[in-house]
Amino acid sequence: YVNQGDSLAMKVMIAAYDSTAPMKLQYWVNDSTKSEDGMQTYEGDAGKPLILPGDQTGEYTVFGNIEVEVKGSKEWKPWRYTYKVGKPGGAIALPEMSTLYKGYPNKVQASASGYPPDAINLSCSGCSLSKKGEGWIATVPTTARGDVTMSLSARTEEGGSVSLAQQKFKISDFPKPTVFIGGVSSGG
């Protein structure tokens, strides 16, 4: 699985190979007929990966041939590999309530497709966040008014950052409890 905009580095090898000999590949992306027009070639040392693009979302099958020396003569042996390119996305949710309450440890969940959990970052304008288990705890100051905005981002393999989601939440005072004794409400 590759995020859109990233690339896939793959090595095509045979079980026994000479790492000093050049590797020759022919390959076709989504072309099982292996037409001459769609053929791409690759030649490099066996330790250098073939780079496949991930520009467009979808499932891709790479059909290929690797040049192998068999009993002194060169032969092409077939190989095949399937990979998916998906658009990265994320979601921010409050699993317990739909409002952030002042002075209360509000539980927050955030998820991001295509990124490992340790690459995910959640930030908040108007509240403080602390990591707890699989999620976060958002604490809103008692003086806060209006809304807060949470932003979800992920660190890429190249060291950059990609924005995945942004969510605005209403903040309120924590409701006071209402006491009932039989049919008489609080103050009665």
Inset, instruction - Report, in debye and to the nearest 20, how large the dipole of the range 2-80 comes out about its Cα centre when Lys and Arg carry +1 and Asp and Glu carry -1 on their Cβ. - result: 280 debye
Legend entry - Positive dipole terminus of the range 4-95, leading residue within LEU50, MET39, TYR81 (C-beta point charges): TYR81
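Pairs of Cα atoms under 8 Å, at least six residues apart: use those to get the relative contact order of the chain, whole percent.
Taking the mean separation of contacting Cα pairs over the length of the chain, I get 17 percent.
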Legend entry - Net charge dipole size for the range 38-149 [Lys, Arg +1 and Asp, Glu -1 on Cβ; Debye, nearest 20]: 380 debye
Legend entry - Highest average packing first - 93-103, 178-188, Cβ atoms within 10 Å: 93-103, 178-188
Inset, instruction - May I ask you to evaluate 6.51 cos²θ - 1.76 cosθ + 1.60, the Karplus curve with θ = phi - 60°, for each residue of the range 137-149 and list the ³J(HN,Hα) values in order in whole Hz, giving x for glycine and proline? - result: 10, 9, 10, 9, x, 5, 8, 5, 9, x, 10, 10, 10
Legend entry - Top positive-direction residue, dipole computed over the range 66-188 with Cβ charges, set SER186, ILE66, ILE137: SER186
Legend entry - Entry for Kirkwood radius over Cα pairs in Å (calculated from the structure that is shown) out of (1) 17.2; (2) 20.7; (3) 21.2: (3)
Legend entry - Surface share of carbon and sulfur [accessible, 1.4 angstrom probe, percent] for the chain: 49 percent
Legend entry - Heavy-atom accessible area per residue - the chain, 1.4 Å, Å²: 64 Å²
Legend entry - Dipole moment magnitude, nearest 20 debye, the chain about Cα centre, only Lys, Arg, Asp, Glu C-beta charged: 920 debye
Inset, instruction - Filter the cross-link list LYS131/LYS170; LYS87/LYS170; LYS107/LYS168 down to pairs whose alpha-carbon distance in this structure exceeds 26 Å. - result: LYS87/LYS170
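The values are calculated or read from the model by the stated rules, or taken from the named source; none is laboratory data. Remember, predicted model here, so these are calculated numbers, not experimental data. All Cβ positions, glycine included, derive from the backbone under ideal geometry; neighbour counts span all protein chains shown. Each accessible area value is taken on the protein alone, full model and side chains, heavy atoms only, with ligands, DNA and RNA left out. Shrake-Rupley method; radii C 1.70, N 1.55, O 1.52, S 1.80 Å.
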